[in-house]
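The values are calculated or read from the model by the stated rules, or taken from the named source; none is laboratory data. All values reported here derive from a predicted model rather than from experimental measurement. Every residue, glycine as well, gets a Cβ built from its backbone with ideal geometry; the counts of neighbours run over all protein chains shown.
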Amino acid sequence: MTGPILAPGSRAGAELMEKAVKGRSLWDDARRRLLRNGAAVTGIVVLLVLVAIALLGPLFTPFSYDQINKNDVWAPPLTAGHLLGADSLGRDLLARLLMGLRVSLAIGLVATLVSLVIGIVWGAVAGFVGGALDELMMRVVDVLYSLPFIFFVILLMVTFGSNIILIFVAIGAVEWLTMSRIVRGQTLGLKHKEFVEAARAAGLTQGAIIAKHIVPNLLGPVVVYVTLTIPAVILAESFLSFLGLGVQPPMASLGTLIAGGAQDMELAPWLLIFPSLTMVLTLMSFNFIGDGLRDAIDPKDR
Amino acid sequence: MLRFIGRRLLVAIPTLFLVVTVAFFMMRAAPGRPFDKDRKLSPEIEANVMAKYGMDKPLSEQYFNYIKDVARGDFGPSLKYKDKSVLQILQENYKVSLILGLSAISIAGVLGVTLGVLAALRQNGMIDYGVMAIAIVGVCIPTFVTAPLLVLLFGSKLQILPSGGWNGGALANLILPITVLALPQIAIISRLTRAGMIEVLHSNYVRTARAKGLPEHRIVMKHALRAAILPLVSYLGPACAGLLTGSLVVEKIFNLPGLGKFFVISALQRDYTVVMGMVIFYAALILVLNLIADLLYAMLDPRVRLS
């Protein structure tokens, strides 16, 4: 990973300042490469549209997501004022889809944040402190890696009932492992760099060095991994919802909608098709952005 | 080599122990008891039933008893399926999951590697773009979307394949579930192979092989492929985990009598012993697969020394 600070030469102070300025131009470079990547730009646009309609859409739908309309049961798309049709209780699919998209995106974001915080702290501490502590912390990650984690998530959901906070925590707690490995690897590479030595010579504590000098320089690969974690989290949540362990009705997520649609698909295929399309579109845009970012930030990878 | 295997197996024991412990206490922390969803039992009878399964004792004692039993290979009786032991349930149902998983991973391996190699040989050509498109679509469409859509198309609309059921493992009943399980794996494997192959084809020893005048197919098949599929070997563990997750969904949608279906139901019914048995079984499976992956890796890559 080419972090912003690679140039040799260690003329302390002024030089360091200058490097910080140069560092930003590397991000500029990355941005330019990203914007030249058609797939990534398409992904960004699609995602922005999806986020906008998830946030604003529910304000404009004539029905609310949990409103039961006895007369509109199984209404096909474009009938009775239901743009995308209605389900077995006559609830408007468009309203439910927008709400489901909002919930799925929120879970993706929050759970990824949870995994990000745990992963960065764990990896940075292990990599920076090193020695026996590093060995111990990474063994823990190895052990956790070799567990059938989905079982534990399922057990968690069964044990404590499905509430949305628990979904965040459970999925976030699973996804931090890879993050901590990436961060540790990066930290190992960074900790012998001159600017870290300079910080140490200047008398900074270890905690301050990690927070101010190590973590900011890890951002490149972490950003890439985050954009790939969000779709993984959305997928995991939908998977749980599909098994009936995720978001509970009348609340909707993309997973619950697809699960419901799969049950009723003979009668009302639109209930399966529209949520599936939305799901695929969301996952694809995240993956395109993630791949684009990886190429942009680390061009030697390709 | 033997020492390596021995050491890994020794590490596996505390790992399994941890799994058992965490799963045991999580399961017991769940509200609800195994016997309260049947008929309403009078308190005396429930006390009797609890005593029969040793669940009237303090939790710590139950835990140590369970550990002792497991160490002897006794996973106890199922609490829901009255006359069956956990081992019997595992034995009766593992075959479906095994057939599905093995077929899916074999098909995905062959197809994925072939597609990946073809794509790498024609980098930035039509085949390459086609394969990469398949790869991206395969990764982005989750199993619980492909499964119902395929059932809708081939089962309900075209009516050429059964939409579910096991039917003694008839081929027609297997096609859809295996396809659903294999698709995401094909995507990931072709992607990994392509990346590995492209890198290897630019390496010095491949140039040497070319300079020697070896025919292209020998360079690709004999020299390049071996190194290019190395990343695949480390993917074996995660692939197994992926198949496992997939089989939970596939067995539910296609209504197949495999292990995956049991897990969620048993957990919801608080069938403690069955859930525990299943967790241990899969944890052990993944540990063994990871070990095999490491051994294979060392065999294929002479630079890796097992120590």
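Values as computed for the structure displayed
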{"read-out": "Of the criteria (1) under 19 Å from A:LEU281 (Cα atoms); (2) more than 11 Å from every other protein chain (Cβ to nearest Cβ), which one A:GLN248 fails", "value": "(1)"}
{"read-out": "Scan of the range B:51-78 for residues that are part of a helix (DSSP H, G or I), closer than 17 Å to B:VAL279 by Cα and touching a helix residue (DSSP H, G or I) at 6+ places or on another chain (Cβ under 8 Å), ordered by number", "value": "B:TYR63, B:TYR66, B:ILE67, B:VAL70"}
{"read-out": "Where B:ASN93 falls short, out of the listed (1) modelled with pLDDT of 75 or more; (2) within 14 Å of another protein chain (Cβ to nearest Cβ); (3) surrounded by 14 or more Cβ atoms within 10 Å (Cβ to Cβ)", "value": "(2)"}
{"read-out": "Checklist (1) modelled with pLDDT of 75 or more; (2) within 24 Å of the chain's Cα centre (by Cα) applied to A:TRP27, failing item", "value": "(1)"}
{"read-out": "Options B:ALA71, B:ALA120, B:ALA29: the member that is under 29 Å from the mean Cα position of the chain (by Cα), within 30 Å of B:LEU181 (Cβ to Cβ) and among the small types (Gly, Ala, Ser)", "value": "B:ALA120"}
{"read-out": "Any hit, the range B:3-13, residues being more than 14 Å from chain A (Cβ to nearest Cβ) and surrounded by 11 or more Cβ atoms within 10 Å (Cβ to Cβ)", "value": "yes"}
{"read-out": "Condition check for B:ALA239: within 16 Å of A:ILE154 (Cα to Cα), crowded, with 20+ Cβ neighbours inside 10 Å and modelled with pLDDT under 85", "value": "no"}
{"read-out": "Subset of the range B:266-281 (residues that are crowded, with 21+ Cβ neighbours inside 10 Å and within 8 Å of chain A (Cβ to nearest Cβ))", "value": "B:ALA267, B:VAL275, B:MET278, B:VAL279"}
{"read-out": "Residue within the range B:248-255 that is touching a residue at least 40 places away in the same chain (Cβ under 8 Å), within 23 Å of B:ALA133 (Cβ to Cβ) and not acidic (Asp, Glu) present", "value": "no"}
{"read-out": "Residue satisfying condition, being free of Cβ contacts under 8 Å to residues at least 40 places away in the same chain and within 14 Å of chain A (Cβ to nearest Cβ), within set B:PRO215, B:PRO302, B:PRO238", "value": "B:PRO238"}
{"read-out": "Unique match (being outside any helix (DSSP H, G or I) and at the interface with chain A (Cβ under 10 Å from one of its Cβ atoms)) among B:SER163, B:SER156", "value": "B:SER163"}
{"read-out": "Qualifying residue in the range A:140-147 (condition: touching a residue at least 40 places away in the same chain (Cβ under 8 Å), surrounded by fewer than 23 Cβ atoms within 10 Å (Cβ to Cβ) and among the acidic types (Asp, Glu))", "value": "no"}
{"read-out": "Search result, residues across the range A:250-279 that are buried (at least 19 other Cβ atoms within 10 Å of the Cβ), in contact (Cβ under 8 Å) with a residue 40 or more places away in the chain and among the hydrophobic types (A, V, I, L, M, F, W, C)", "value": "A:ALA252, A:LEU254, A:LEU257, A:ALA268, A:TRP270, A:LEU271, A:PHE274, A:MET279"}
{"read-out": "Residue in the range A:272-279 that is closer than 25 Å to B:GLY260 by Cα, small (Gly, Ala, Ser), within 21 Å of the chain's Cα centre (by Cα) and more than 7 Å from every other protein chain (Cβ to nearest Cβ) present", "value": "no"}
{"read-out": "Filter pass, B:TYR272 being of a type in the set (Ser, Thr, Tyr) and under 26 Å from B:LEU9 (Cβ atoms)", "value": "no"}
{"read-out": "Residues satisfying the stated conditions in the range A:97-133, i.e. closer than 17 Å to A:VAL51 by Cα and surrounded by fewer than 19 Cβ atoms within 10 Å (Cβ to Cβ)", "value": "A:ALA106, A:LEU109, A:VAL110"}
{"read-out": "Those residues of the range B:117-154 which are more than 26 Å from A:ALA236 (Cβ to Cβ), surrounded by 17 or more Cβ atoms within 10 Å (Cβ to Cβ) and not acidic (Asp, Glu), in sequence order", "value": "B:VAL117, B:LEU118, B:ALA119, B:ALA120, B:LEU121, B:VAL131, B:PHE154"}
{"read-out": "Test: residue in the range A:62-70 that is farther than 21 Å from A:GLU266 by Cα and in contact (Cβ under 8 Å) with a residue 40 or more places away in the chain", "value": "yes"}
{"read-out": "Flag for B:SER203 being small (Gly, Ala, Ser), modelled with pLDDT under 90 and closer than 26 Å to B:VAL96 by Cα", "value": "no"}
{"read-out": "Filter result (small (Gly, Ala, Ser) and either more than 35 Å from the chain's Cα centre (by Cα) or surrounded by 13 or more Cβ atoms within 10 Å (Cβ to Cβ) (or both)) within the range B:43-68", "value": "B:ALA47, B:ALA51, B:GLY54"}
{"read-out": "Any hit, the range B:26-35, residues being farther than 13 Å from A:VAL158 by Cα and either modelled with pLDDT of 80 or more or surrounded by fewer than 16 Cβ atoms within 10 Å (Cβ to Cβ) (or both)", "value": "no"}
{"read-out": "Hits in the range A:280-302 (condition: within 11 Å of chain B (Cβ to nearest Cβ), surrounded by fewer than 24 Cβ atoms within 10 Å (Cβ to Cβ) and of a type in the set (A, V, I, L, M))", "value": "A:VAL280, A:LEU281, A:MET284"}
{"read-out": "Residue within the range B:257-265 that is surrounded by fewer than 23 Cβ atoms within 10 Å (Cβ to Cβ), facing another protein chain (nearest Cβ under 10 Å), farther than 20 Å from B:LYS82 by Cα and without any contact (Cβ under 8 Å) to a residue 24 or more places away in the chain present", "value": "no"}
{"read-out": "Residue check, B:LYS82 closer than 30 Å to B:THR273 by Cβ and either at pLDDT below 85 or not in a helix (DSSP H, G or I) (or both)", "value": "yes"}
{"read-out": "Matching residues, the range B:241-256, being of a type outside the set (Gly, Ala, Ser) and at the interface with chain A (Cβ under 9 Å from one of its Cβ atoms)", "value": "B:LEU244, B:THR245, B:LEU248, B:VAL249, B:LYS252, B:ILE253"}
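One line per residue, one yes/no per condition, for (1) under 24 Å from B:PHE24 (Cα atoms); (2) touching a Leu at 6+ places or on another chain (Cβ under 8 Å):
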{"residue": "A:VAL140", "(1), (2)": "yes, no"}
{"residue": "A:LEU156", "(1), (2)": "yes, yes"}
{"residue": "A:THR178", "(1), (2)": "no, no"}
{"residue": "A:VAL196", "(1), (2)": "no, yes"}
{"residue": "A:ILE214", "(1), (2)": "no, yes"}
